[in-house]
Amino acid sequence: MGIFQKIKNISLAKKLRSIFGKKHVKIGIYGPPNVGKTTLANRIVRDWSGDTLGPASEIPHETRRAKTKENITVNDGGSSLTVDIIDTPGIATKIDYHDFLSYGLSEKKARRRAKEATEGVIEAIRWLENVDGVILLMDCTQNPFTQVNITIMGNLEARELPVVIAANKIDLDQSSPATLKSAFPQHDVIPISALTGYNIDMLYSTMVQRFHKRKRRAA
Amino acid sequence: MTGVNVNLISQQKLEGLSSQEKIQYILTEIEKGEILVLEKGLTPQEQTQLIEKTMSRVNPNKFIGIEMQGYMSEKTSWLQKILGKIHPPRMTVIGPADKLKTIHKDSTMIKTQVINK
């Protein structure tokens with residue numbers, strides 16, 4: 001290929017990217033509490049930068065402030081995408097401090113956790129204004145038809161934000177990714193285990209393809 | 001005799017209200033302990049606004065939040081979008097989380113239980 005042809009191709013690629021895509025995007029990891037958002041965020045960040053974002057816990061609402069790791073370059077073998085990963089607090093419609101007592105927290109700590117969790121939900125919702133795409137994480141051992149899943153999905157569709165559904169906890173015996181796929185047939189659903197890394201390469205490949213194109217309309 | 005009120009709210013009741021007014025109305029009723037069945041539910045954006053407002057009002061001794069269940073809106077095709085046709089929100093039940101519990105939900109059925117403490 002001649003030099004002029006190469007320059008022409010580069011220029012064309014730039015033009016196409018300016019029309020169709022972006023190479024640096026903010027991706028929010030969303031979902032209800034305890035679906036494995038921080039475990040997934042840590043895996044993505046560790047796989048591509050060797051770092052971690054924060055602690056994961058079996059106690060709901062462990063992440064009560066959004067955490068961001070910038071400039072993670074995800075590569076699917078052919079294309080790459082630089083992302084800022086935002087690990088958001090779990091979205092819930094109710095928070096009762098009594099629920100935390102069964103995990104051995106003192107009443108004082110449980111009350112404080114509940115208060116911070118309510119603030120975290122508000123912060124997670126507000127982040128929707130600032131992300132370019134979303135990984136919606138669902139627990140495929142649970143019923144996918146929860147109102148939180150439906151509300152988040154409805155918002156993403158209304159905002160025309162690209163979304164990848166990750167059906168997490170595929171490593172557990174009771175997992176049923178097929179149920180989740182049937183609930184959201186119009187979306188990419190990738191069964192994964194954020195804990196073991198099962199099928200995580202498929203998620204990375206889908207992220208590069210799906211989030212490369214940035215299409216967003218103000219809600 | 002004590003009981004829990006379950007109020008069926010018509011489309012006409014809410015359609016004249018702004019989003020803020022709808023959310024204020026719903027939260028006021030729920031904080032009084034009422035359960036509402038909305039003939040036409042809230043848009044996704046209104047649902048997130050309702051969750052935000054709910055979280056700002058959670059009080060560990062009085063109000064732990066809401067239980068809300070509705071069906072997914074049907075997907076709008078590109079032609080419907082061009083024509084400005086948007087599928088309206090669908091029937092939704094909302095109540096105080098300590099009085100309304102979801103027993104089962106799938107794409108065609110929502111089963112709830114009213115708890116009368």
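The values are calculated or read from the model by the stated rules, or taken from the named source; none is laboratory data. Predicted, not measured: the structure shown is a model, and the values here were computed from it. Cβ: placed from backbone, ideal geometry, glycine included. Neighbour counts: every protein chain shown. Side chains included, ligands, DNA and RNA excluded: accessible areas come from the protein's heavy atoms. Shrake-Rupley method; radii C 1.70, N 1.55, O 1.52, S 1.80 Å.
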The stretch A:177-206 residues that are within 14 Å of chain B (Cβ to nearest Cβ), paired with ones that are part of a helix (DSSP H, G or I) and among the polar types (S, T, N, Q) (beta carbon under 6 Å, 6 or more apart): none
Leading residue by the ranking (farthest from the chain's Cα centre (by Cα)) among those in the stretch B:1-12 that are under 15 Å from B:Pro89 (Cα atoms) and either open to solvent by 60 Å² or more (accessible area, probe 1.4 Å) or without any contact (Cβ under 8 Å) to a residue 12 or more places away in the chain (or both): B:Gln12
Any hit, the stretch A:152-159, residues being at the interface with chain B (Cβ under 7 Å from one of its Cβ atoms) and either aromatic (Phe, Trp, Tyr) or out of contact with any helix residue (DSSP H, G or I) (no Cβ under 6 Å at 6 or more places or on another chain) (or both): no
Selection within the stretch A:101-121 - under 23 Å from A:Asp87 (Cβ atoms), open to solvent by 30 Å² or more (accessible area, probe 1.4 Å), free of Cβ contacts under 8 Å to residues at least 40 places away in the same chain and within 12 Å of chain B (Cβ to nearest Cβ): A:Arg112, A:Lys115
The stretch B:75-87, subset surrounded by 12 or more Cβ atoms within 10 Å (Cβ to Cβ) and more than 10 Å from chain A (Cβ to nearest Cβ), residue modelled with the lowest pLDDT: B:His87
Residue list for the stretch B:35-45, restricted to those being at pLDDT 95 or above and open to solvent by less than 30 Å² (accessible area, probe 1.4 Å): B:Ile35, B:Leu36, B:Leu38
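State yes or no: is A:Ala117 modelled with pLDDT of 95 or more and assigned to a helix (DSSP H, G or I)?
In short, yes.
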Residue that is nearest to the other protein chains (Cβ to nearest Cβ) [pool: residues in the stretch B:45-72 that are part of a loop (DSSP other than H, G, I, E, B) and over 14 Å from A:Ala117 (Cα atoms)]: B:Met72
Index of the failed condition, A:Asp47 passing every other in (1) part of a strand (DSSP E or B); (2) surrounded by fewer than 20 Cβ atoms within 10 Å (Cβ to Cβ); (3) touching a residue at least 40 places away in the same chain (Cβ under 8 Å): (1)
Evaluation of A:Arg159 against (1) at pLDDT below 95; (2) farther than 20 Å from A:Asp84 by Cβ; (3) of a type outside the set (S, T, N, Q) (one fails), failing number: (2)
Some residue of the stretch A:173-187 being assigned to a strand (DSSP E or B), surrounded by 20 or more Cβ atoms within 10 Å (Cβ to Cβ) and small (Gly, Ala, Ser): no
Conditions (1) among the small types (Gly, Ala, Ser); (2) within 15 Å of the chain's Cα centre (by Cα); (3) at pLDDT below 95: number failed by B:Ala97: (3)
Where A:Thr141 falls short, out of the listed (1) modelled with pLDDT of 95 or more; (2) within 11 Å of chain B (Cβ to nearest Cβ); (3) open to solvent by 10 Å² or more (accessible area, probe 1.4 Å); (4) in a loop (DSSP other than H, G, I, E, B): (2)
Selected residue (criterion: nearest to the chain's Cα centre (by Cα)) from residues of the stretch A:108-159 that are hydroxyl-bearing (Ser, Thr, Tyr) and closer than 21 Å to B:Thr92 by Cβ: A:Thr151
Residue match in the stretch A:128-136 (condition: away from chain B (no Cβ under 14 Å) and surrounded by 22 or more Cβ atoms within 10 Å (Cβ to Cβ)): yes
Selection status of A:Ser205, open to solvent by 10 Å² or more (accessible area, probe 1.4 Å) and more than 17 Å from the chain's Cα centre (by Cα): no
Those residues of the stretch A:122-148 which are touching a residue at least 60 places away in the same chain (Cβ under 8 Å) and in contact with a Pro (Cβ under 7 Å, 6 or more places away or on another chain), in sequence order: A:Ala124, A:Gly133, A:Met138, A:Thr146, A:Val148
Any hit, the stretch A:149-171, residues being surrounded by fewer than 20 Cβ atoms within 10 Å (Cβ to Cβ) and over 28 Å from B:Leu50 (Cα atoms): yes
